[in-house]
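The values are calculated or read from the model by the stated rules, or taken from the named source; none is laboratory data. Since the model is a prediction, treat every value here as computed from it, not as a measurement. A quick note on method: Cβ atoms are made from the backbone with ideal geometry, for glycine too, and the neighbour counts reach across all protein chains shown. Heavy atoms of the whole protein, side chains included, go into the accessibility calculation; ligands, DNA and RNA do not. Shrake-Rupley method; radii C 1.70, N 1.55, O 1.52, S 1.80 Å.
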Amino acid sequence: MASLEEIRVEREKKLALLREKGLEPYPVSTNRDFTLAEVATDFAKLSKKKKALNLAGRVRAIRGQGAIMFLDLDDGTGRFQLVLKADELGEAEMQTLRDTVDLGDFIEAKGSLFLTKREEKSLSVKSWRMLAKSLRPLPDKWHGLQDIEERFRRRYLDSLMSPEVKARFLTRTRIISLIREFLDEAEFVEVETPVLQPIAGGASAEPFITHHNSLDTDLYLRISEELYLKRFLVGGFPKVYSLARNFRNEGIDTTHNPEFTMLEWYEAYSDASKQREFVAKLLKNLVKKLSGTTNFAYAGEKIDLSKEIKIVSYYDLLKRHALITDPARITREELMLKASQFGVKLETGDSREKILDAIYKKVCRPKLIQPTFLIDFPVNYLPLAKRKENDKNLVDAFQLIIGGVEIVKAFSELNDPIDQRERFLAQEQNRLEGDKEAQNLDEDFLEALEYGMPPAGGVGIGIDRLVMLLTDTHNIKEVIYFPTLKPKA
């Protein structure tokens, strides 16, 4: 079996042969009349016209080497068969094709449509030309890319060779389009927020840092859209949303990638309870338009969105599954002991709320398979959320868990600038005690709040996790076309 380098050398010879014959292997223009999907769909109508057509695509199969050859073209919309006969094409042109065309090449073919004896829709080729000569062979069509790391690293080959992979990314695009359509119909306005920020805010996460030479200042890649979207509320925009890439300098696992897509929206004069209803409506609408039903499968479970979503208290969940009798008053030391009993890994400087959350994620969250709204979180757990009126130690917030995965985080937005400052200062203290993910005090945002922000409900949805859920996929790298990977040595 020839090595990759030997194959490349042979293909370079074929490239040289084309040029010796005066044929440009990478021409500027393409004379394509229809996509292959259009030709297949409108075959009967186009056949009747008896008009020569130009088709183009990548060669995915070659059969025969004699007086008649069959090539399958793929242009990304579908496949179509070409039939080439030496007596119609001309022996010289046929020989050039035999000598220079390989699997993976892009070609253009001109001819007439007809049905073969086996009733296969085909193009009888009268002329052809090279559009792009490939120098490397495609992976074996039966085995594709077997190494998972190589699949992620060469995603273009992964989606080219696997219809299932390509379909998953087309579904991702469809999901995003349907979300935009839903929010636009609800009169939300799509806006943009800066990626480079002087303070990394809006979430508890360690940021990536960079330096701007002209301004001679350090800047941070966006970890959240939240604080800038709230500025839009201050600025008179009552309903805003953003679909954007966020960047967090965190570990990589099956549900975390350092670069990910987040949907956030904010609605003035709303609150968490109203947003729960809106989120449920969005998800039902989304799933129904994708599949025609409100049910879908995930990890061997049938997820049902037709029923009213169950609401559970965060503390009740910890009592039931982690056997923490009094989550509101348990000390940090007692929590650390509990964490070690459950095999929960902790970082130096983790706050009481972070330890509680780590236990919840390890012990409780995996048990929430059917859609569940989790409510009533401790006040220091969500420093940007408004306190509950009947219990100032809790915030008016919710998460939506499906299949053991957090899909949504939302709350009634804190618009009291004095309380917000105090909460930021508590986060600063956590940072001094070693919590690298604690939020920063943002004076510019506090100034904006002091001009007045209307009461509002805000929602954040991790698009990558949502796509995982709706495509029954269990590794975030499978739904991000270019996931973050360690460079090859």
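Do the conditions hold for Glu206, that is, is it at pLDDT below 95 and out of contact with any Ser or Thr (no Cβ under 7 Å at 6 or more places or on another chain)? Show your work before the answer.
Numbers: at pLDDT below 95: yes; out of contact with any Ser or Thr (no Cβ under 7 Å at 6 or more places or on another chain): yes.
For Glu206, the condition - at pLDDT below 95 and out of contact with any Ser or Thr (no Cβ under 7 Å at 6 or more places or on another chain) - is met.
Taking the stretch 385-422, which residues are assigned to a helix (DSSP H, G or I) and open to solvent by less than 10 Å² (accessible area, probe 1.4 Å)?
At the first step, the residues of the stretch 385-422 found to be assigned to a helix (DSSP H, G or I) are 417-422.
Gln420, the sole residue that qualifies.
Which residues, taken from the stretch 252-268, are among the aliphatic types (A, V, I, L, M) and assigned to a strand (DSSP E or B)?
As a first pass, look at the stretch 252-268 and keep what is among the aliphatic types (A, V, I, L, M): 252, 262-263, 268.
Scanning the stretch 252-268 gives Met262, Leu263, Ala268.
What's the number of the condition Arg231 fails, among (1) open to solvent by 10 Å² or more (accessible area, probe 1.4 Å); (2) out of contact with any helix residue (DSSP H, G or I) (no Cβ under 6 Å at 6 or more places or on another chain)?
Status for Arg231: all satisfied but (2).
Cβ-Cβ distance below 8 Å, separation of 6 or more or different chains: which pairs start in the stretch 313-339 with a residue that is on the phi < 0 side of the Ramachandran plot and surrounded by 20 or more Cβ atoms within 10 Å (Cβ to Cβ) and end on one that is at pLDDT below 90 and not hydrophobic (A, V, I, L, M, F, W, C)?
Cβ pairs passing all conditions: Leu335/Arg352.
Which number in (1) surrounded by 16 or more Cβ atoms within 10 Å (Cβ to Cβ); (2) in contact with a strand residue (DSSP E or B) (Cβ under 9 Å, 6 or more places away or on another chain); (3) in a loop (DSSP other than H, G, I, E, B); (4) not basic (Lys, Arg) marks the one condition that Pro139 misses?
Condition not satisfied by Pro139: (2).
For the stretch 437-489, how many residues are in a helix (DSSP H, G or I) and of a type in the set (Val, Ile, Thr)?
Filtering the stretch 437-489 for residues in a helix (DSSP H, G or I) gives 443-450, 463-470, 476-478.
Restricting the remaining residues to those that are of a type in the set (Val, Ile, Thr) gives 463, 467, 476.
Total satisfying the criteria: 3.
Of the residues Lys288, Lys307, which is out of contact with any strand residue (DSSP E or B) (no Cβ under 8 Å at 6 or more places or on another chain), open to solvent by 10 Å² or more (accessible area, probe 1.4 Å) and either part of a strand (DSSP E or B) or closer than 24 Å to Lys367 by Cα (or both)? Spell out the reasoning first.
Values: Lys288 fails: either part of a strand (DSSP E or B) or closer than 24 Å to Lys367 by Cα (or both).
On inspection, the qualifying residue turns out to be Lys307.
Is the stretch 207-219 home to any residue that is in contact with a strand residue (DSSP E or B) (Cβ under 9 Å, 6 or more places away or on another chain) and open to solvent by less than 20 Å² (accessible area, probe 1.4 Å)? Reasoning before the result, please.
Of the residues in the stretch 207-219, the ones in contact with a strand residue (DSSP E or B) (Cβ under 9 Å, 6 or more places away or on another chain) are 207-212, 217-219.
So of that shortlist, the ones also open to solvent by less than 20 Å² (accessible area, probe 1.4 Å) come out as none.
Within the stretch 207-219, none of the residues are in contact with a strand residue (DSSP E or B) (Cβ under 9 Å, 6 or more places away or on another chain) and open to solvent by less than 20 Å² (accessible area, probe 1.4 Å).
Which numbered condition in (1) assigned to a strand (DSSP E or B); (2) surrounded by 21 or more Cβ atoms within 10 Å (Cβ to Cβ) is the only one that Gly201 fails?
The failed condition is (1).
Would you say Ile359 is over 30 Å from Leu432 (Cα atoms), buried (at least 19 other Cβ atoms within 10 Å of the Cβ) and not basic (Lys, Arg)?
On the way: over 30 Å from Leu432 (Cα atoms): no; buried (at least 19 other Cβ atoms within 10 Å of the Cβ): yes; not basic (Lys, Arg): yes.
No: the conditions fail for Ile359.
For the stretch 198-211, enumerate the residues that are more than 23 Å from the chain's Cα centre (by Cα), farther than 14 Å from Arg431 by Cβ and not hydroxyl-bearing (Ser, Thr, Tyr).
Of all residues in the stretch 198-211, those more than 23 Å from the chain's Cα centre (by Cα) come to 198-199, 209-211.
When the remaining residues are screened for being farther than 14 Å from Arg431 by Cβ, the result is 198, 209-211.
Passing the criteria: Pro198, Ile209, His211.
Could you pull out every one of the strands (runs of 3 or more DSSP E) wholly within the stretch 1-103 that has 2 or more residues that are free of Cβ contacts under 8 Å to residues at least 24 places away in the same chain, open to solvent by less than 50 Å² (accessible area, probe 1.4 Å) and among the β-branched types (Val, Ile, Thr)? Before you say what the answer is, go through the steps one by one.
Values: elements: 53-63, 68-74, 79-85.
Passing ranges: none, list empty.
Condition test on Thr261, is it among the hydroxyl-bearing types (Ser, Thr, Tyr) and buried (at least 17 other Cβ atoms within 10 Å of the Cβ)? I'd like the intermediate steps shown before the answer.
Values: among the hydroxyl-bearing types (Ser, Thr, Tyr): yes; buried (at least 17 other Cβ atoms within 10 Å of the Cβ): yes.
So Thr261 fits the description; yes.
If you scan the stretch 116-129, which residues turn out to be in contact (Cβ under 8 Å) with a residue 24 or more places away in the chain and open to solvent by 10 Å² or more (accessible area, probe 1.4 Å)?
The initial filter retains those residues of the stretch 116-129 that are in contact (Cβ under 8 Å) with a residue 24 or more places away in the chain, namely 116, 120-129.
If the condition is that a residue be in contact (Cβ under 8 Å) with a residue 24 or more places away in the chain and open to solvent by 10 Å² or more (accessible area, probe 1.4 Å), then Thr116, Glu120, Lys121, Ser124, Lys126, Ser127, Trp128, Arg129 are the ones that fit.
Would you please list the contacts, defined by Cβ atoms under 8 Å and residues six or more apart or on different chains, that run from a residue in the stretch 224-245 that is assigned to a loop (DSSP other than H, G, I, E, B) to a residue that is open to solvent by 50 Å² or more (accessible area, probe 1.4 Å)?
Pairs found: Phe237/Val189; Pro238/Tyr269.
Could you check the stretch 203-226 and list, in sequence order, the residues that are of a type outside the set (S, T, N, Q) and closer than 18 Å to Phe260 by Cα? Spell out how you get there, then give the answer.
Residues of the stretch 203-226 of a type outside the set (S, T, N, Q): 203, 205-209, 211-212, 215-216, 218-223, 225-226.
Scanning the stretch 203-226 gives Ala203, Ala205, Glu206, Pro207, Phe208, Ile209, Tyr220, Leu221, Arg222, Ile223, Glu225, Glu226.
Take Lys338 and tell me if it is assigned to a helix (DSSP H, G or I) and either at pLDDT below 95 or more than 30 Å from the chain's Cα centre (by Cα) (or both).
Values: assigned to a helix (DSSP H, G or I): yes; either at pLDDT below 95 or more than 30 Å from the chain's Cα centre (by Cα) (or both): yes.
It is true that Lys338 is assigned to a helix (DSSP H, G or I) and either at pLDDT below 95 or more than 30 Å from the chain's Cα centre (by Cα) (or both).
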